[in-house]
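Input: a single structure, listed below in structure tokens.
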């Protein structure tokens, strides 16, 4: 069971309060009807499946109920960072340097 | 007094005897004994038989790593447990024990014929022998193997014990209360940290309990121990004995299993047998010590052959001599001390056989003083004795050549192949191991967790080193926790430092085919098996393990892994670190299922959600079915009715007069705010802008992939307020999806979502008499057909309670759904039952609800859809707001695959013989005579007997189904092929006239 | 059957260390509003809405607990219900929000006594030492979402969705009996 830092509650809390919500920074297009079949397919189905740091979404579903973003290393299962929804994607190189 | 018990010695209570039985024979032991120590006190070494060869076995350890002395224990009715280690099970009054793996008696086991046949049963023999002929498998091989397989006998009764669980948060968890662990806990606690100290033994102290001659800080070891425990307690340290750290998980989460009652004569009422602790520790100190290795030689498994350290423990902790005439065989200094202690207690040490050419001079001098013969540079080439060792054969080794044998009579042989740091928990963390060439063992390498390893667990030896290292780990942990600490040193007198060598098999003069040198005692794996595996092509240690089953016994390789590795490394011709070690996995020692289940059994196995009307249903004989976490009334049998009869009656009554149904489980979401209608337009397929307050609409929810996710009727209560209903199982999912879009895609919308599923109790009233039943109870709303047409909603009072009243129908009859605050749900139900009495109002359950809706062709999401069904496929194309620029899933409805011809579409199916009911899930083909595998064009999704129509009805998803209306399809079933005609799904009242009442 | 063991320990034994009481209903609302407008709306409701998750504000018998950045749980005596609804309605035009009544959604239990905190650790994964008296959080008990209030060092409340309450209550009683057994 992981410990996860909720950026809204500003507390590090047991995983049981959270739910995973897929890859982060995949933005729903403004005008889906303008997209080609290939573009739409990529938006729907194509994911990075990273080995190592992975940008992903979690929801503090049994806490403050907010969706937020995280960088988690899929090899070590370690969270490198969590940040609020809408904040820019952090720079991976500086993050890893900080570790 | 038992023959081998030394009066007054040990930590057992000599004043209190405890009676128990072993294989039907009565024995007495002392309070504080284990089953093994009590039997050894009577001179009983033979405690079990091995798994494969049924060889006689006795205890080889005095701890939880025991591979041999596995027994069945019975603590009263239902309380039988197989494979209990006799070396761990504490005596309790009336304990009944039995030996295992025997056919016949323990001393005469006919299964031991396997032992004589051992040349025919090498490693991998299962894979080779039982391959052919194929037809022999079912009738001969499998039944025979099944009878022979399995360790011990499985309990046959329901476990009557309770099991508990706890969460625990602590600054520092120390695993192992030996000298290192005690010092770590002490230093950190003195620095002010919240400390938890756990140990799997009944008593804290670890190796100190077996070494009372040590002096620490000027005190005898046991006095010092008492003082430390008092201080730890006074510092508020949580001391947990009989508690095993079974697994080490991410971010310092450690699982502990605490044994609470197995050792008690009387169990307090409601006391749990075991408690699982889920501990979150800021820091962890692993002070688990080291495990002694056996030496590998012919006949090393005979009863009476045991680890030297174990003999020392039986002596000092239990006051038991393991024999009168002992031979020591060792490659490590530690066994010499055991020999001296046993000699002191009166055991004749016939010889100390050391495999090393030049053991330490001070040890040899001490042996000389005691008159013990020392044979250095020797090997052991065999043992004798049928059920107990009677002699050992030793030979000198010079320049690799084994010299002439010499037979020495003895009644026990105490061996030590050196010590392996206990790194199981550390390995759970995926911490890396480092090969240490000096000690020829693996030591902890890179850490992945906030963890310290102290003492023998990282290869240190001797009390002085262990104490200092423990104190250092405790101080480091405290410092990491932000508390000032400095480790102190302690003076140790009479310390017992030591070193040793690691071996593969000991050299022998026997023909290699005649050597039975065991590595994994429990699984009967010999050195020869390992070499055979390598010869047959296994190169990875993981393959060797699986081929030979080495390390797969209940001790998980505690005894066997390192010896197996040494031999495999020799056979492969690569150094040990290149051959590698197999992965240790939790749990550290065998753990009961009960401990894992905790409170989740019986009535609290999982959450059972109950509606406010559940009590009425139960009192009125409802049969319940689980629907997601809810239990829902399935049908209400009367006067001995079976399900079919009850459902037929409920259906007829509802269509003829009026039925009442508890719909409280429906998900409900309040959508409120100035942008509510915009949000609804974006989320649901339907258009909402023009839906007037006071009206409702059937809504369809898609995933972004265009497939149906949920549906439900949605009422507009005001310009900015919608009352959304979802399916019972879909409620949390739908709310989560809505929140997701709202929070992350459309955070600009001023709209908020609140789950009101449980705020409201919901009662559905259906049937031509529904309005008559309801009318007298409604205040503040005209529910006439004109004023309150189909698909209306109003806030009013019903039966005196504030209510949200819907006119809608999931049955095809005139229908209402009344929502009242949940606390009034039962009162509303009873008021409606009373008002309906003149009309013969009939309570119906979910099965009748399903039949009635199927007669109308209404879908159930998740039954008639499966996550690959579009609204068009389901015949719900009319529910799509085609003029809307966008909604969730809209773009996907134009995906090439979703507009391709030949998609499966939902249709009705009527069997040619109306008495035949199709099976849900049955596959459908066009031509039943085509060769197999047949082309399947769809499957049955819903199928019922319709009392209304007097025949069976079904719905199915069929390729291009709507264009095939009128065609005959075939459903091949084991009993024969069923013919059915494709129809529309509206079986009953297709024009909906009955809704217009 | 849960076990063959029965529940016939005396009530006194069980409650000496911890009591479990179901509380009478109160008026409860889920209040949602943009953080920037929380203060304005709070004034309309006579409450100073706290802006830190887990913090509580109280005034004239009304309580506001901050559960999320834009979410508050409002509790009040039942007599105050209509006044709160009316005040919110009046404020809606200028300060759009959602005030949804959830008085019947939850059942509340008080857990009190020297072993109250220990009882909660049978199923609550949070470190309760970090939950200060006068604070409350949404969390889980076993698999059930709850709002956990700490009213004092030995005094807790649990708000549980109605249909889950029997399960939570059953677990609490098993734990209570276990604590009474003293092992």
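The values are calculated or read from the model by the stated rules, or taken from the named source; none is laboratory data. Note that the structure is predicted; figures quoted are calculated from it, not measured. Glycine also receives a Cβ, built like all others from the backbone with ideal geometry; neighbour counts cover every protein chain displayed.
Might you let me know whether the range B:343-353 holds any residue that is in contact with a helix residue (DSSP H, G or I) (Cβ under 6 Å, 6 or more places away or on another chain), crowded, with 24+ Cβ neighbours inside 10 Å and under 28 Å from residue B:73 (Cα atoms)? Among the residues of the range B:343-353, not one is in contact with a helix residue (DSSP H, G or I) (Cβ under 6 Å, 6 or more places away or on another chain), crowded, with 24+ Cβ neighbours inside 10 Å and under 28 Å from residue B:73 (Cα atoms), which makes the answer no.
Entry remark, the range A:43-70: residues being within 13 Å of residue A:7 (Cβ to Cβ), within 13 Å of another protein chain (Cβ to nearest Cβ) and in contact (Cβ under 8 Å) with a residue 40 or more places away in the chain number 9 in total.
Using the structure shown, decide if residue B:899 is crowded, with 21+ Cβ neighbours inside 10 Å and either in contact with a helix residue (DSSP H, G or I) (Cβ under 9 Å, 6 or more places away or on another chain) or at positive phi (or both).
Judged against the criteria, residue B:899 is not a match.
Here is the figure for the range B:237-261: residues that are under 30 Å from residue B:491 (Cβ atoms), surrounded by fewer than 22 Cβ atoms within 10 Å (Cβ to Cβ) and in contact with a helix residue (DSSP H, G or I) (Cβ under 7 Å, 6 or more places away or on another chain) total 1. Residues in the range C:142-172 that are part of a strand (DSSP E or B), within 13 Å of chain B (Cβ to nearest Cβ) and touching a residue at least 40 places away in the same chain (Cβ under 8 Å): C:159, C:160, C:161.
Comparison of B:551, B:573, B:580, B:594 shows that the only residue that is on the phi > 0 side of the Ramachandran plot and either over 33 Å from the mean Cα position of the chain (by Cα) or within 14 Å of chain C (Cβ to nearest Cβ) (or both) is B:573.
Table: residues versus (1) farther than 20 Å from residue B:736 by Cα; (2) in contact with a helix residue (DSSP H, G or I) (Cβ under 6 Å, 6 or more places away or on another chain); (3) assigned to a loop (DSSP other than H, G, I, E, B).
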| site | (1), (2), (3) |
| --- | --- |
| A:30 | yes, no, yes |
| A:38 | yes, no, no |
| A:47 | yes, no, yes |
| A:61 | no, no, yes |
| A:71 | yes, no, no |
| A:80 | yes, yes, no |
| A:96 | yes, no, no |
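Residues that are away from chain B (no Cβ under 14 Å), over 27 Å from residue B:171 (Cβ atoms) and in a helix (DSSP H, G or I) are absent from the range C:110-130.
Take the conditions modelled with pLDDT of 90 or more, under 23 Å from residue B:310 (Cβ atoms) and not in a strand (DSSP E or B) and apply them to residue B:93. Does it pass?
On the way: modelled with pLDDT of 90 or more: yes; under 23 Å from residue B:310 (Cβ atoms): no; not in a strand (DSSP E or B): yes.
No; evaluated as a whole, the condition is false for this residue.
Being in the same structural domain as residue B:218 (by the TED database), surrounded by 23 or more Cβ atoms within 10 Å (Cβ to Cβ), within 28 Å of residue B:482 (Cα to Cα) and in contact with a strand residue (DSSP E or B) (Cβ under 9 Å, 6 or more places away or on another chain) is the requirement here; does residue B:283 meet it? Spell out the reasoning first.
Details: in the same structural domain as residue B:218 (by the TED database): yes; surrounded by 23 or more Cβ atoms within 10 Å (Cβ to Cβ): yes; within 28 Å of residue B:482 (Cα to Cα): yes; in contact with a strand residue (DSSP E or B) (Cβ under 9 Å, 6 or more places away or on another chain): yes.
So residue B:283 passes the test.
Within the range B:892-905, being in contact (Cβ under 8 Å) with a residue 60 or more places away in the chain and part of a helix (DSSP H, G or I) holds for B:892, B:893, B:898. Of the residues making up the range B:45-83, those that are without any contact (Cβ under 8 Å) to a residue 60 or more places away in the chain and surrounded by fewer than 20 Cβ atoms within 10 Å (Cβ to Cβ) are B:74, B:76.
Quick one: which residue in B:875, B:908 is assigned by the TED database to the domain that holds residue B:964, in contact with a strand residue (DSSP E or B) (Cβ under 6 Å, 6 or more places away or on another chain) and not in a loop (DSSP other than H, G, I, E, B)?
Details: B:875 fails: not in a loop (DSSP other than H, G, I, E, B).
Answer to the selection: B:908.
Just so you know, in the range B:810-826 the residues that are surrounded by fewer than 24 Cβ atoms within 10 Å (Cβ to Cβ) and under 15 Å from residue B:774 (Cβ atoms) include one that is farthest from the other protein chains (Cβ to nearest Cβ), and it is B:814.
Suppose the filter is part of a helix (DSSP H, G or I), in contact with a helix residue (DSSP H, G or I) (Cβ under 8 Å, 6 or more places away or on another chain) and within 14 Å of chain A (Cβ to nearest Cβ); does residue B:852 pass it? I'd like the intermediate steps shown before the answer.
Numbers: part of a helix (DSSP H, G or I): yes; in contact with a helix residue (DSSP H, G or I) (Cβ under 8 Å, 6 or more places away or on another chain): yes; within 14 Å of chain A (Cβ to nearest Cβ): no.
Taking the combined requirement at face value, the residue does not satisfy it.
Residues are listed down the side, and each one gets a yes or a no for (1) in contact (Cβ under 8 Å) with a residue 60 or more places away in the chain; (2) under 39 Å from the mean Cα position of the chain (by Cα); (3) away from chain C (no Cβ under 14 Å):
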{"site": "B:287", "(1), (2), (3)": "yes, yes, yes"}
{"site": "B:294", "(1), (2), (3)": "yes, yes, yes"}
{"site": "B:302", "(1), (2), (3)": "yes, yes, yes"}
{"site": "B:318", "(1), (2), (3)": "yes, yes, yes"}
{"site": "B:350", "(1), (2), (3)": "yes, no, yes"}
{"site": "B:363", "(1), (2), (3)": "no, no, yes"}
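Would you mind listing the helices (runs of 4 or more DSSP H) fully within the range B:506-601 where at least 3 residues are free of Cβ contacts under 8 Å to residues at least 24 places away in the same chain and farther than 30 Å from residue B:166 by Cβ? Helices (runs of 4 or more DSSP H) meeting the threshold: none at all.
Specify the residue that is nearest to the chain's Cα centre (by Cα); the eligible residues are those in the range A:9-27 that are more than 21 Å from residue B:732 (Cα to Cα) and more than 11 Å from chain C (Cβ to nearest Cβ). Explain how you work it out, then say what you get.
So in the range A:9-27, the residues more than 21 Å from residue B:732 (Cα to Cα) come out as A:9-13, A:24-27.
Okay, now just the ones that are also more than 11 Å from chain C (Cβ to nearest Cβ), so A:24-27.
Working: A:24: 4, A:25: 7, A:26: 10, A:27: 12 Å.
Ranking the qualifying residues of the range A:9-27, first place goes to A:24.
All conditions but one from (1) more than 10 Å from chain B (Cβ to nearest Cβ); (2) surrounded by 20 or more Cβ atoms within 10 Å (Cβ to Cβ); (3) more than 17 Å from residue B:744 (Cα to Cα) apply to residue A:73; the one that does not is (2).
Suppose we filter the range B:664-679 for residues that are within 20 Å of residue B:812 (Cα to Cα) and buried (at least 23 other Cβ atoms within 10 Å of the Cβ); how many remain?
1
Is there a residue in the range B:750-757 that is surrounded by 20 or more Cβ atoms within 10 Å (Cβ to Cβ), away from chain C (no Cβ under 14 Å) and in contact (Cβ under 8 Å) with a residue 12 or more places away in the chain? No, because not a single residue in the range B:750-757 is surrounded by 20 or more Cβ atoms within 10 Å (Cβ to Cβ), away from chain C (no Cβ under 14 Å) and in contact (Cβ under 8 Å) with a residue 12 or more places away in the chain. From the list B:231, B:215, B:203, the one residue that fits, being within 24 Å of residue B:89 (Cα to Cα), modelled with pLDDT of 95 or more and surrounded by fewer than 20 Cβ atoms within 10 Å (Cβ to Cβ), is B:203.
Of all residues in the range B:96-121, those satisfying the criterion of being in contact with a helix residue (DSSP H, G or I) (Cβ under 8 Å, 6 or more places away or on another chain) and assigned to a loop (DSSP other than H, G, I, E, B) are B:101, B:102, B:103, B:121.
Of the strands (runs of 3 or more DSSP E) lying entirely inside the range B:372-488, those containing at least 2 residues that are in contact with a helix residue (DSSP H, G or I) (Cβ under 9 Å, 6 or more places away or on another chain) and surrounded by fewer than 19 Cβ atoms within 10 Å (Cβ to Cβ) are B:373-376, B:433-436.
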